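Asker: Would you mind keeping the following structure in view while I ask a few things?
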Amino acid sequence: MFTFLVTFLGVLVLYLLLVWGSGDAGSAYWAIEEVLAGFVLALISAGIARAILGKAENSRMFLKWPLFLIYVPTVFLWNLAKANVDVAYRVITGRINPGIVRIRPGLKTDLGRTILANSITLTPGTLTIDIDRKTGDLFVHWINVRDTKTDEEKTRAVCGSFPEWARRLSE
Amino acid sequence: MSFEHLDIILIGVAILGVGILVSLLRLFLGPTSPDRVVALDTINTLVVGMMIGLGAYYEEVVFIDIGIVYAILSFVTTLFIARFISTRKEKEVGP
Amino acid sequence: MTWDWAMITILVLIIISGIFSLLGAIGLHRFPDVYTRLHAATKTTTFGSIFLAIAVIVYSIFRITEVGPENDGAFITLAAHTFIALLAILITNPTGAHAIARAARKTGIAPEQAVIDEYEEVD
């Protein structure tokens, strides 16, 4: 029931965003027909997707949307900007020192692993290649390998504060 | 008040067009199939950017709708090609 | 905010977007193998698209405030759809990059100039 409700609301919000501005000039920004169509479509898609999103751990992210609103424009965007300056520097100078490393973020849920993998792909010098499904280890292509002694140090050097954020967003 | 200065969006679109041409060169040069897929993926993202810019220039929302659908379809295409080339070993390098 | 200031803001955003998108395309030729090319292509084109989308959203918001509340809602629709296109790019781009990198590694392409390679086949 919980996943049904979450999917219904998510699809409805997306549809209302798509038809924003369809209403009469000046007064309402949504036409009543579009809102009704949105309700019907959201009901249908929630009925279908319930089987896929059935795991409660996957639908829990919708409860964390205020955290996403904080995470994406601040931490994520700042690291994306840093990553682009870094790539620009490497494109111009051609100075690279690449390698593939194995890191252990220690995340339990699929959602947390997805958030972490996508985040570190778009942040300085790292690109996720593969995942070990049993232990949650990520194989990361690192464009500027630095010497690290322990596993924790290596994970810290590759992902920075992202594992904590992924844990906060998913668990 | 005049709205004719909007040509600057066209300049941005033109720069993206140059980027597409440069990426097309990589698509032709290869040398391995994953290299070509990377170039294709880059072109797809740039085309979506172009669609957003053109939608603002012509004040037509349809362009941006095309951009959304194109982004999702190109994502599925990329996944499918990646799936396809990962099931076979790279036999020879070259076209 | 006057029209001139809005135009300058949009111009700056579009120049940033153009520079990074072009750098990504050049990076496809500067880097030696598929993984480093993915670095260049994914990050820069995502960043460029974000800035182009922000430019269009700024333009739409300016047109909405300029024309006033009796506009026909076309620019609200423009801004909302641009935002959805931005979300689609943000979610699909890194996922596509993983798929390509994984496929490349599975076909046996080793990273060039690599100083370390801890990859092993897992399923």
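The values are calculated or read from the model by the stated rules, or taken from the named source; none is laboratory data. Fair warning: this is a prediction, and the values are worked out from it, not measured in the lab. So basically every Cβ, Gly included, is an ideal-geometry build from the backbone, and we count neighbours across all protein chains shown. We work out accessible area using only protein heavy atoms, side chains counted, and drop any ligands, DNA or RNA first. Shrake-Rupley method; radii C 1.70, N 1.55, O 1.52, S 1.80 Å.
Asker: Across the residues of A:9-20, average count of Cβ atoms on other protein chains within 10 Å?
Answerer: Counting Cβ atoms of other protein chains within 10 Å of each residue's Cβ and averaging gives 2.
Asker: Continuing with the same structure: Can you list the HN-Hα couplings for region B:14-29, worked out from phi with the Karplus curve (6.51, -1.76, 1.60; θ = phi - 60°), rounded to whole Hz and with x for Gly and Pro?
Answerer: For region B:14-29, the Karplus curve yields 5, 4, 4, x, 4, x, 5, 4, 4, 5, 4, 4, 5, 4, 6, 6 Hz.
Asker: Given the peptides B:43-53, C:7-17, arrange them by the average over their residues of other C-beta atoms within 10 Å, most packed first.
Answerer: Most protected by this proxy first, the peptides run B:43-53, C:7-17.
Asker: If you count, for every residue in C:54-61, the Cβ atoms of partner chains within 10 Å of its Cβ, what is the mean?
Answerer: For peptide C:54-61, the averaged partner shielding equals 3.
Asker: Please work out whether region B:30-87 counts as rounded, prolate or oblate from its C-alpha gyration tensor, where a ≥ b ≥ c are the square roots of the eigenvalues and a/c under 1.5 means rounded, while otherwise a/b larger than b/c means prolate and anything else oblate?
Answerer: Oblate is the answer for region B:30-87, as a/c is 1.5 or above yet b/c matches or exceeds a/b.
Asker: Roughly how many nanometres apart are two label points built 7 Å out from the Cα toward the Cβ at B:Leu21 and A:Asp132?
Answerer: Once both label points are built, they end up 4.9 nm from each other.
Asker: Determine ³J(HN,Hα), in whole Hz, for all residues of region A:137-148 in sequence, where each value follows from phi through the Karplus function 6.51 cos²θ - 1.76 cosθ + 1.60 and θ = phi - 60°; x replaces Gly and Pro.
Answerer: Values, residue by residue: 6, 10, 9, 10, 7, 10, 7, 9, 5, 10, 6, 10 Hz.
Asker: Shifting gears a bit: At 222 nm, what value in deg cm²/dmol follows for chain C if DSSP H runs of at least 4 each add -39500 (n - 2.57) and the sum is divided by all its residues, to the nearest 500?
Answerer: One gets -28000 deg cm²/dmol as the mean residue ellipticity at 222 nm.
Asker: Under 8 Å for C-alpha pairs, at least 6 residues apart: give me the relative contact order for region C:3-106, rounded to a whole percent.
Answerer: 29
Asker: What is the extension gain from A:Arg95 to A:Leu63, computed as 0.36 nm multiplied by their sequence separation minus the C-alpha to C-alpha distance, in nm to one decimal?
Answerer: Stretched out fully, the A:Arg95 to A:Leu63 stretch lengthens by 7.2 nm.
Asker: For a test of the definition: using alpha carbon positions, the gyration tensor, and the 1.5 limit on a/c, classify region B:2-54 as rounded, prolate or oblate.
Answerer: Prolate, because a/c is 1.5 or more and a/b exceeds b/c.
Asker: Check the protein assembly as shown and count each lysine pair with an alpha-carbon distance under 28 angstrom, considering only pairs eight or more places apart or from different chains.
Answerer: The number of close lysine pairs in the protein assembly as shown is 25.
Asker: With N denoting the number of residues in chain A, provide Rg(C-alpha) divided by 2.2 N^0.38 Å, to two decimal places.
Answerer: Scaled against compact globular proteins, the figure is 1.32.
Asker: Can you give the relative contact order of region B:7-54 as a percent, counting alpha carbon pairs under 8 Å and 6+ residues apart?
Answerer: Relative contact order comes out at 51 percent.
Asker: I've got another one for you. Find the relative contact order for region B:30-87 and round it to a whole percent, using C-alpha pairs within less than 8 Å whose residues are 6+ positions apart.
Answerer: Relative contact order here is 40 percent.
Asker: Hey, another quick one. What's the average, rounded to a whole number, of partner chain beta-carbon atoms within 10 Å of each residue's beta-carbon in A:82-90?
Answerer: That works out to 6 on average.
Asker: Tell me the label-point distance for the pair C:Val58, B:Leu6, using the 7 Å Cα-to-Cβ offset, in nm and rounded to one decimal.
Answerer: 1.7
Asker: With loop defined by DSSP as not H, G, I, E or B, and exposure as at most 16 other Cβ atoms within 10 Å, which is the longest segment of chain B clear of exposed trypsin sites (Lys or Arg not before Pro)?
Answerer: Looking at chain B, B:1-87 is the longest stretch - no exposed trypsin sites (Lys or Arg not before Pro) with at most 16 other Cβ atoms within 10 Å.
Asker: Under 19 Å from a point placed 7 Å out from the Cα of A:Glu153 along the Cα-to-Cβ direction: which residues of region A:88-103 have their backbone N that close?
Answerer: Answer for this model: A:99-103.
Asker: Compute the acute angle (0 to 90°) between the alpha-carbon long axis of helix A:32-49 and the principal axis of greatest extent of the alpha-carbon atoms of chain A; round to the nearest 10°.
Answerer: Helix A:32-49 and the main axis of chain A meet at about 50 degrees.
Asker: Sort region C:3-106 into rounded, prolate or oblate with this rule: let a ≥ b ≥ c be the square roots of the eigenvalues of the Cα gyration tensor; rounded if a/c is under 1.5, and if a/c is not under 1.5, prolate when a/b is larger than b/c, oblate otherwise.
Answerer: Here region C:3-106 falls in the oblate category.
Asker: Over both sides of the C-B contact, add up the buried accessible area with a 1.4 Å probe and give it to the nearest 100 Å².
Answerer: The buried area between C and B, both sides summed, comes to about 4200 Å².
Asker: Could you compute Rg(Cα) / (2.2 N^0.38 Å) for the protein assembly as shown, with N its residue count?
Answerer: 1.02
Asker: Sort A:126-138, A:68-80 by the packing proxy (mean of other Cβ within 10 Å over each peptide's residues), most packed first.
Answerer: Averaged packing, sorted descending, gives the order A:126-138, A:68-80.
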